[in-house]
């Protein structure tokens, strides 16, 4: 390992002899003290992985004119560069990273110790729901979980606000003139094969009970049940039946109300 012979070249020519991270970190600090902020090396296929771990990249920023003729070119090897950051204490880096991991681990343990509330298991999957947003799992936010990126839609984060909004909406849906076929569960005496055809039945009375038990922890669960009311009706009844006409009218009404309340994207 030696600096280039050209006095104006801020580069170092490195020959890799198998030394580890410790030597490389001391080498980096030595060069920073002498205002040399770039390493260039030719790495064979067995050494590329090592140099990547040491911060080297195949993306060469140093102009070719600054090292051409001053660094030995090895056939079949890859030229790699490492840009040094004067603000990083490289010889202390391993210790710092280890300390950071210990701190993060302690913070996680402290947070977990604060979470003493035990929530009941999710029952929505038994009702035919295939997936729910992660943020809708009770207690998930208390663990420190945060969604990646921006959340789509206008989710109401306050449970009481969500409950009030859905309660008012459900009351309006139940008073709609076309809601009468969906007010209560289908009676087996009136449709003997209904529960053989419809795997996941739902109705406005059941939705009211779910709302009271705080089942709807997100708007998406509520909307999914509304959609299933309509889908079940269309699956069981002929398209030209009075039931399907009521389903279409009610569907149009509740989608209008959902958009009006900002519960779905317009």
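Just so you know, all these numbers are worked out from the coordinates, no wet-lab data involved. Every value quoted in this text rests on a predicted model; they were computed, and no experiment measured them. All Cβ positions, glycine included, derive from the backbone under ideal geometry; neighbour counts span all protein chains shown.
For the stretch 19-83, the gyration tensor built on C-alpha atoms gives an oblate shape. Its axis ratio a/c (a ≥ b ≥ c) is at least 1.5, and a/b is not larger than b/c. What angle do you read, to the nearest 10 degrees and between 0 and 90, between the alpha-carbon axis of helix 219-236 and the longest principal axis of the chain? Roughly 50 degrees between the two axes.
Listed by Cβ neighbour count within 10 Å, with the fewest neighbours leading, 110, 141 appear as 110, 141. Applying 1/(1 + (r/R0)^6) with r as the Cβ-Cβ distance of residue 183 and residue 146 and R0 = 41 angstrom yields a FRET efficiency of 0.50.
Summarising the strand pairing of the chain, around 70 percent of its internal DSSP beta bridges are antiparallel. Out of [x] 55, 49, 39; [y] 96, 45, 35; [z] 75, 46, 30, which label holds the value of Cα extents along the principal axes in Å that was computed here? Answer label, from the structure shown: [y]. Between residue 242 and residue 21, residue separation times 0.36 nm minus the direct Cα-Cα distance comes to 71.9 nm. For the pair residue 131 and residue 176 in one chain, pulling the backbone fully straight at 0.36 nm per residue adds 13.2 nm over the alpha carbon distance.
Placing pseudo-labels 7 Å out from each Cα toward the beta carbon at residue 109 and residue 87 gives an inter-label distance of 3.1 nm. Relative to the longest principal axis of the Cα atoms of the chain, the long axis of helix 21-33 lies at roughly 70 degrees.
For the stretch 236-266 and the stretch 81-133, compute the distance between their C-alpha centroids and round to whole Å. Comparing the Cα centres of the stretch 236-266 and the stretch 81-133, I get a distance of 43 Å.
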